[in-house]
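Read the structure below first, then the notes.
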Amino acid sequence: MTVLVTGGAGYIGSHMVWKLLEEDEDVVVIDRLSTGFDWAIPAEVELVVGDIADQDLVEQTMKRRKVDAVIHFAGSAVVPDSLADPLGYYLNNTVKSRAMMESAIRAGVPHFIFSSTAAVYGGNHEKPVVEETPTFPESPYGRSKLMTEAMLADAAAAHPFTYTALRYFNVAGADPKGRTGQSTRGATHLIKVACETATGKRPFMEVFGTDYPTPDGTCLRDFIHVWDLVEAHLLALRRLRAGGKSLVANCGYGTGYSVLQVIEAVRSTVGRDFDVRYSPRRSGDLIAVLANADRARQEFGWTPKLDNLVTIVSDALRWEEALKRRNS
Ligand code: UDP
């Protein structure tokens, strides 16, 4: 049995590959290397360079490697980019996910784990959201993922196929052992941007919006350590293999940090100041969204181990320093 990881050369996917290897799983990666890096994947893992919508390639790989589960990370994940290029987002996250699903069903692959997002909830939620909280995505990104969730549910009702859609909150940090991390060029996500600024890769960073109805006026997010997130995937995989039913589950800690608190955590961890500028709100941003992850805890026994901002920021910073050495 082999696990096929799409987007395995990317940020979260490469962490998943390392986690699966630690668990003695056989792994094959398919990645077109548009944003990922072949060096992010351990040498012993087969990398098939190609597009997930190349159904011949995907199905032939599934059969050749006797794949029993797909963990599907390949996609696009930047809310503002999705506003500028909605059709690109529907192509990458919806249309190509449909192709992956169809390939899995055609090749007889019974299990599918999908990277969904907290962006499906939209809005300003005072309490942590549960999976039944009504979905009102406010960006093409959120909608592109929610449509894929709907296709998964319909496909699972019609075929011998079970899935888990994990709704990620704000993923950050890096492998605690320093083997991989977030290496994306032109990154836009907060902790990555703050770490790049703290390590001198950027001259300054911006805070988008300081007039939100929150304690310090900046948006609140629920940051989850990438290593805890991939652990949730591993547990979800085991559950599906053991006959677990399809489900959707939130992955977050339920603790909110503001943009300014995150910047302060980076400042104090790195031990020096850096240039932070205040800018207008960024379109598409939600005020606050926090996870209630009781379902992941109950259904697959997920117990986060790295659930504090200092650990997330320290691991992210250590990776940023390593990247700087690699690129210099
Ligand atoms: N943010 C910011 N400056 C940056 C990047 C992000 O102020 O350089 C803010 C952004 O406006 C949002 C929060 O940080 O309020 C989280 O944004 P991110 O892009 O990291 O994740 P999202 O929640 O949009 O998926």
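The values are calculated or read from the model by the stated rules, or taken from the named source; none is laboratory data. Remember, it's a predicted structure, so these values are computed and weren't measured experimentally. Every residue, glycine among them, receives a Cβ derived from its backbone with ideal geometry; neighbour counts consider all protein chains shown. Areas reflect the complete protein model, heavy atoms only, side chains present, ligands, DNA and RNA absent. Shrake-Rupley method; radii C 1.70, N 1.55, O 1.52, S 1.80 Å.
Observations on the structure shown:
- Scanning segment 266-305 for residues that are polar (S, T, N, Q), within 28 Å of residue 209 (Cβ to Cβ) and open to solvent by 60 Å² or more (accessible area, probe 1.4 Å) turns up 268, 283.
- Within segment 130-177, tally of residues that are over 13 Å from residue 248 (Cα atoms), out of contact with any helix residue (DSSP H, G or I) (no Cβ under 6 Å at 6 or more places or on another chain) and assigned to a strand (DSSP E or B): 1
- Pair list, Cβ under 8 Å, 6 or more apart: segment 183-204 residue of a type in the set (Val, Ile, Thr), other residue surrounded by 13 or more Cβ atoms within 10 Å (Cβ to Cβ) and part of a loop (DSSP other than H, G, I, E, B): 184/10; 184/35; 188/78; 191/173; 193/187; 193/202; 197/274
- Pairs, first open to solvent by 50 Å² or more (accessible area, probe 1.4 Å) in segment 87-104, second β-branched (Val, Ile, Thr), C-beta under 8 Å, six or more apart: 98/148
- The set of residues in segment 237-269 that are away from the ligand (no atom under 16 Å from the Cβ) and either more than 21 Å from residue 117 (Cβ to Cβ) or aromatic (Phe, Trp, Tyr) (or both) comprises 238, 241, 242, 243, 244, 245, 268, 269.
- The set of residues in segment 164-183 being more than 12 Å from the ligand (Cβ to nearest atom) and open to solvent by 20 Å² or more (accessible area, probe 1.4 Å) consists of 176, 177, 178, 179.
- Filter pass, residue 35 being within 16 Å of the ligand (Cβ to nearest atom) and in contact (Cβ under 8 Å) with a residue 40 or more places away in the chain: yes
- Within segment 60-86, the only residue that satisfies the criterion of being among the small types (Gly, Ala, Ser), in a helix (DSSP H, G or I) and open to solvent by less than 20 Å² (accessible area, probe 1.4 Å) is 82.
- Residues of segment 105-135 classified as among the β-branched types (Val, Ile, Thr), within 14 Å of residue 156 (Cβ to Cβ) and surrounded by fewer than 20 Cβ atoms within 10 Å (Cβ to Cβ), total: 1
- Selected residue (criterion: surrounded by the most Cβ atoms within 10 Å (Cβ to Cβ)) from residues of segment 184-198 that are among the β-branched types (Val, Ile, Thr) and under 18 Å from residue 277 (Cβ atoms): 191
- Conditions (1) surrounded by fewer than 22 Cβ atoms within 10 Å (Cβ to Cβ); (2) touching a residue at least 24 places away in the same chain (Cβ under 8 Å); (3) in contact with a strand residue (DSSP E or B) (Cβ under 6 Å, 6 or more places away or on another chain): number failed by residue 224: (1)
- For the condition among the aliphatic types (A, V, I, L, M), more than 12 Å from the ligand (Cβ to nearest atom), open to solvent by less than 50 Å² (accessible area, probe 1.4 Å) and more than 26 Å from residue 1 (Cβ to Cβ), residue 153 does not qualify.
- Looking only at residues in segment 191-208 that are among the hydrophobic types (A, V, I, L, M, F, W, C) and more than 8 Å from the ligand (Cβ to nearest atom), the one that is farthest from residue 78 (Cα to Cα) is 198.
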